[in-house]
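See below for the structure under consideration.
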Amino acid sequence: MQKIRLLELTMMLVLLSGCADRTTITPAFYVWKSKLSAEDADTAYLSRIEAKKFYLRLFDVDDKGRGALPMAEYSPDTCRLSGEVVPVIFLTNRTFLRCPSEEVDTLAERCIKKMDAMYASRFGKSPQEYQFDCDWTEKTKGVYFKFLESVSRLKPEALISCTIRLHQIKYSTRTGIPPVSKGVLMYYATSEPTDFDSPNTILDNKEAALYIEQARTYPLHLDIALPLYSWGIVRNSFDKIKLINGVCEADIYAHPEYYRKQREGVYKILQSHYLRGMWINKGYELKIEEVSPETLQEAAATLRKKLKHEDRELILYHLDADILKRYSTKHLQNLLKTLS
């Protein structure tokens, strides 16, 4: 009898320890489009995975020689988004290469003023969180971090977050730790799209895993961003590259007479034609890159092992009708389960 009770107690402790190790993973989406249709923001789809938070790209900032200026504005129909919306702006690295230290506070003030105005016009209130997206480097960390500190002083009541690339995790002693409330680990873009011979420049799990060996010791809380997007990489006879967003294998199946397969995912163009609105010439090469549900699942399993076990958000990039058709809600629910 004592042995049975001891066995029952042992099993209970094992079960309790397993439960204690589980974390809460909250789904969210990036909204990176200039227009958002009802099909993009499929309420039934979003409800099934309980996605109630959206990171909305408002505008970009760049310096092309005339000072830091907004380069693009995005005005999707935000009334289609049901839940919390966080404003995001993208700032190029050269913006901070060219920004004098004494002008950083002014740049921060202008960005916040514009973000607040655009957000208020849509939602009638101020944001509770602001996110900044910049692929900063060792050379620009000082100016960029000063910008983030200025933002924090301007908005002491708000949560300030920023995106963090893989190289900024691996080489954090050189690129520094941004002065923000939390970061978002962008677990993709493992190599440059110009690397035509890479297995997949969007997400190569073997390559990505090498960047997060020490991620558990990173001093900031990290949410996770995973890629749902695809693209076509077109290479001409002079090895010049251009990207066509949204291209997938279904485009090949629609017009097989236009293509000759050279190897997995790479095709020779047999006839000049428009592809997703862009003209491509006969003789060019097309490489299609997608991220399969299996690849995402492998990424989630790796992240679960390498990151600290804590509650976090999984932000999916990005909200788009064509993308949602390629990933079932079951696929995304499995990702959440693996990460938790």
Search result, residues across region 27-82 that are part of a strand (DSSP E or B) and either farther than 20 Å from residue 163 by Cβ or open to solvent by 60 Å² or more (accessible area, probe 1.4 Å) (or both): 69, 70, 71, 73
Within the set of pairs 6 or more residues apart or between chains, which connect a residue that is closer than 14 Å to residue 329 by Cβ inside region 21-46 to a residue that is part of a loop (DSSP other than H, G, I, E, B) with Cβ atoms less than 7 Å apart? 27/49; 27/50; 27/51; 29/51; 29/318; 29/319; 43/82
Answer yes or no: is there a residue in region 131-143 that is closer than 27 Å to residue 203 by Cβ and hydroxyl-bearing (Ser, Thr, Tyr). yes
Look through region 270-322, keep the residues that are without any contact (Cβ under 8 Å) to a residue 24 or more places away in the chain and not in a loop (DSSP other than H, G, I, E, B), and return whichever of them is least open to solvent (accessible area, probe 1.4 Å). 273
Taking the stated definitions as given, is residue 336 touching a strand residue (DSSP E or B) at 6+ places or on another chain (Cβ under 7 Å) and either touching a residue at least 24 places away in the same chain (Cβ under 8 Å) or closer than 16 Å to residue 233 by Cβ (or both)? yes
Any idea which of 171, 188 is modelled with pLDDT of 95 or more, among the hydroxyl-bearing types (Ser, Thr, Tyr) and surrounded by 20 or more Cβ atoms within 10 Å (Cβ to Cβ)? 188
For residues in region 106-151 being more than 23 Å from residue 315 (Cα to Cα) and small (Gly, Ala, Ser), which is surrounded by the most Cβ atoms within 10 Å (Cβ to Cβ)? 108
Looking at (1) within 14 Å of residue 70 (Cα to Cα); (2) in contact (Cβ under 8 Å) with a residue 60 or more places away in the chain, which is the only condition residue 114 fails? (2)
Can you report the number of residues in region 219-246 which are farther than 23 Å from residue 294 by Cβ and not in a strand (DSSP E or B)? 8
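The values are calculated or read from the model by the stated rules, or taken from the named source; none is laboratory data. Note that this is a predicted model, so its numbers are computed, not measured. We place every Cβ from the backbone using ideal geometry, glycine too, and count neighbours over all the protein chains shown. For accessibility, only protein heavy atoms count, side chains too; no ligands or nucleic acids. Shrake-Rupley method; radii C 1.70, N 1.55, O 1.52, S 1.80 Å.
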